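Okay, structure first, notes after.
Please treat every number below as a calculation from the coordinates, not as lab data. What you are looking at is a predicted structure, and each value in this text was computed from that prediction instead of being measured. As a convention, Cβ positions derive from the backbone with ideal geometry for all residues, glycine included, and neighbour counts pool all protein chains shown.
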């Protein structure tokens with residue numbers, strides 16, 4: 001890949017993010033992802049690039065870090081928000097009476113942006129696909145970082161205990177699945193938010209993977 005200069009006016013909200021924090025951006029050609037991050041994330045990717053040769057084979061290429069002020073991230077989200085992601089994030093943070101565990105939409109709400117001025121630059125593995133299916137899986141039993149305050153630790157420990165994070169060490173955090181029978185309509189993607197993955201247990205955990213991997217015909221049968 002040729003060297004390039006990344007400027008905030010050339011970045012847009014990353015359309016294929018299905019979980020995690022808001023504020024993830026991508027380049028115009030969708031080849032690079034700019035993800036606001038913590039020091040520990042930078043340390044992990046830097047170490048993996050140098051020492052973890054086997055893990056590198058299944059990871060996106062790590063191109064380094066980018067200094068980006070939080071206000072610049074907000075500006076890019078607002079000015080280049082052709083998908084309405086910023087508005088959707090605001091709606092998610094507002095009181096709501098929505099009760100459905102499955103959100104069928106073309107976008108998905110995520111957590112609030114990290115208060116950080118640094119980002120990692122990663123290869124977008126889905127860039128070469130016309131209609132990629134995306135699944136975000138959270139691994140591990142412990143869901144909090146070492147610097148998390150006690151209140152956050154208690155909250156995330158409760159989430160782990162009540163979901164497959166605690167029993168299986170993994171949880172489906174979100175996904176988007178292309179529906180070929182609805183291609184080129186406003187509903188061609190079905191999007192599942194974090195609440196969808198929290199409803200499963202050891203007996204039913206296969207269901208989201210079936211939904212993700214097996215095509216559903218127009219008649220609704222497998």
What FRET efficiency comes out for residue 145 versus residue 9 if R0 is 45 angstrom and r is the Cβ-Cβ distance? Round to the nearest 0.05.
0.85
Give me 211, 162 ranked fewest to most by other Cβ atoms within 10 Å of their Cβ, as a rough exposure proxy.
162, 211
Using the number of other C-beta atoms within 10 angstrom as an exposure proxy, rank 44, 14 with the fewest first.
44, 14
Sorted from largest down, what three extents in whole angstroms do the Cα atoms of segment 129-222 have along their principal axes?
48, 27, 19
Residue separation between residue 157 and residue 184 times 0.36 nm, minus their alpha-carbon distance, gives in nm 5.6 nm
Based on the mean of other Cβ atoms within 10 Å per residue, sort peptides 123-135, 171-183, 139-151 so the most packed one is first.
171-183, 123-135, 139-151
